[in-house]
Amino acid sequence: MKYQHNFNPTISDEDIFEEIVKEKESIGYYNLVFSDTSKYKEYAATVKQKNIVVIGIGGSTLGTYAIYKFLKHSKELSKKLFFLETTDPIDIKSKVQAIDLSDTLFIVISKSGTTIETISIFKYINSLVTCDKNNTLVITESDSKLNEYAEANEITSFEIAKNVGGRFSVFSAVGLVPLAIVGIDIDELLKGAKEVYDSFFTKSETYERVLKKARFFVEYKNSFNINVVFSYSSRLEGFNKWYIQLWGESLGKVDINSTRQALTPIGIIGPIDQHSFLQLIVEGKRDKTVTVIKVNDFDNNLKIPDVKLEGLDELNYLDCIEFSSLINKQADATIESINNLNDIPCDVITIDSVNERSCASLMYEYELLTSVCAKFMYIDAYNQPGVEAGKIILKQKLK
């Protein structure tokens, strides 16, 4: 008896991989792991200011903030990093008032060089302090208006390659320069990303994990179209924000068949959101997958003290437990409670420790996961026409 079938998926893992390999020749973020960091470190060594203010929005800031937020309490950093992102006047004024502007380097980041939010804030800063070659750095495309401004004023600039999209730019000058200035080891960041790159493109563990996860997300997108990242560390709050932009702006698209596609990202923090969003996950509609992210070693041995509180003796079992152990047990309890239901897709990522490699590995794997999901969905992960339409309308209104 001979048997033939056509039950194979619409696109195979091997086809997807070949598409990614081909795409790697034109999409720049893949190869940022090979970047020469010497010029970034050389510039960083010349910066004397104690305050570093990044002026940008979206992809120009979120990745940098994610890494800085994750590492800043475990590193002895020589400088402080601030972010001016929003046109909210209260936010701008309150942040600026807390910074000694006379001891500040301003890093203006805009891929296009004409981002309204960024230039608006930069104009305001210029009204408060003279921004010149001594206290200003520009990161932009080589042919942008902002780069022309930098050249005209002899301001140092670093290039954002045209084939590196903003939300995929954290391992370019966009992230590496400000992070190097404040004292984070950018070579270790790239080593962490490179480990994931190697594992994926040699079809090792990362390849298996990313392809399996992406295929599930896409094949079950009509049932589980909401993807919840449940990060059990406040250090990952910045990662959650970065993930939401990466996922939302890359995967909310119209596919080649003119069908609207979307995998909706939600980022929450444990244990805080155990007391809010977990209820929706557990007893709400079955339209969500959950990825729990844990940190194995918090590099902190803070303990619950052996303090007796009258009337609360039944909780004395908490005495002398490290807070890092408590939060991981809370994560484990959440994972077990979800798995016991048997109808909520759940996976767990455990970060080894709080260091550059771990953070970069996580972020680069999510970039790969985004690209692979987009291939399965037959969409372009790297454009954002829905955002551009709003920008055009805004400019018309302002003019």
Select, from Leu146, Leu190, Leu179, Leu211, the only residue that is in contact (Cβ under 8 Å) with a residue 40 or more places away in the chain and under 21 Å from Glu85 (Cα atoms). Leu179
Look at Thr370 and say whether it is under 21 Å from Glu23 (Cβ atoms), among the polar types (S, T, N, Q), open to solvent by less than 40 Å² (accessible area, probe 1.4 Å) and assigned to a helix (DSSP H, G or I). yes
Answer yes or no: is there a residue in the stretch 249-258 that is open to solvent by less than 80 Å² (accessible area, probe 1.4 Å), touching a Phe, Trp or Tyr at 6+ places or on another chain (Cβ under 6 Å) and farther than 20 Å from Val348 by Cβ. yes
Would you pick out the residues in the stretch 300-330 that are at pLDDT below 90, closer than 17 Å to Ser233 by Cβ and either among the aromatic types (Phe, Trp, Tyr) or surrounded by 14 or more Cβ atoms within 10 Å (Cβ to Cβ) (or both)? none
Quick one: is Ser94 of a type in the set (Ser, Thr, Tyr) and within 23 Å of Val182 (Cα to Cα)? yes
Over the stretch 215-243, the set of residues surrounded by 18 or more Cβ atoms within 10 Å (Cβ to Cβ), assigned to a helix (DSSP H, G or I) and more than 18 Å from the chain's Cα centre (by Cα) is Arg215, Phe217, Val218
Residues of the stretch 138-173 classified as open to solvent by less than 20 Å² (accessible area, probe 1.4 Å), outside any loop (DSSP other than H, G, I, E, B) and closer than 17 Å to Phe122 by Cα, total: 6
Where residues in the stretch 189-208 are farther than 22 Å from Ile67 by Cβ and either assigned to a helix (DSSP H, G or I) or among the basic types (Lys, Arg) (or both), which of them is least open to solvent (accessible area, probe 1.4 Å)? Tyr207
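Within the stretch 281-299, count every residue that is open to solvent by 70 Å² or more (accessible area, probe 1.4 Å) and either at pLDDT 95 or above or among the polar types (S, T, N, Q) (or both). Spell out the reasoning first.
Taking the stretch 281-299 first, the residues open to solvent by 70 Å² or more (accessible area, probe 1.4 Å) are 283, 285-286, 296-297, 299.
If we keep only those that are either at pLDDT 95 or above or among the polar types (S, T, N, Q) (or both) too, we end up with 283, 285-286, 296.
Of the residues in that region, 4 qualify.
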For the stretch 30-50, which positions are in contact with an Asp or Glu (Cβ under 8 Å, 6 or more places away or on another chain) and either crowded, with 19+ Cβ neighbours inside 10 Å or on the phi > 0 side of the Ramachandran plot (or both)? Tyr30
Pair list, Cβ < 7 Å and 6+ apart or interchain, from the stretch 227-254 residues that are among the charged types (D, E, K, R) to residues that are assigned to a loop (DSSP other than H, G, I, E, B): Arg235/Val354; Glu249/Gln384; Lys253/Ile379; Lys253/Asp380
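Restricting the search to the stretch 311-346, which residues are part of a loop (DSSP other than H, G, I, E, B) and out of contact with any helix residue (DSSP H, G or I) (no Cβ under 9 Å at 6 or more places or on another chain)? First the steps, then the outcome.
Going residue by residue through the stretch 311-346, those that are part of a loop (DSSP other than H, G, I, E, B) are 311-312, 319-321, 340-345.
Correct list: Gly311, Leu312, Asp319, Cys320, Asn340, Asn342, Asp343.
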Looking only at the stretch 112-122, decide whether some residue is open to solvent by less than 10 Å² (accessible area, probe 1.4 Å), of a type in the set (Val, Ile, Thr) and over 22 Å from the mean Cα position of the chain (by Cα). yes
Condition set hydrophobic (A, V, I, L, M, F, W, C) and touching a helix residue (DSSP H, G or I) at 6+ places or on another chain (Cβ under 7 Å), scope the stretch 72-95, selection most open to solvent (accessible area, probe 1.4 Å): answer is Phe82
Suppose we keep only residues that are closer than 20 Å to Glu367 by Cα and assigned to a loop (DSSP other than H, G, I, E, B) within the stretch 377-399. Which one would you say is least open to solvent (accessible area, probe 1.4 Å)? Ala381
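Answer with yes or no whether Ile266 is open to solvent by 30 Å² or more (accessible area, probe 1.4 Å), under 18 Å from Leu362 (Cα atoms) and in a strand (DSSP E or B).
Numbers: open to solvent by 30 Å² or more (accessible area, probe 1.4 Å): yes; under 18 Å from Leu362 (Cα atoms): yes; in a strand (DSSP E or B): yes.
Yes.
The values are calculated or read from the model by the stated rules, or taken from the named source; none is laboratory data. Everything numeric here is computed off the predicted structure, so don't read it as measured data. Note that each Cβ is placed from the backbone with ideal geometry, even for glycine, and that neighbours are counted across all protein chains shown. Quick note on the areas: whole protein, heavy atoms, side chains included, nothing else; ligands and nucleic acids left out. Shrake-Rupley method; radii C 1.70, N 1.55, O 1.52, S 1.80 Å.
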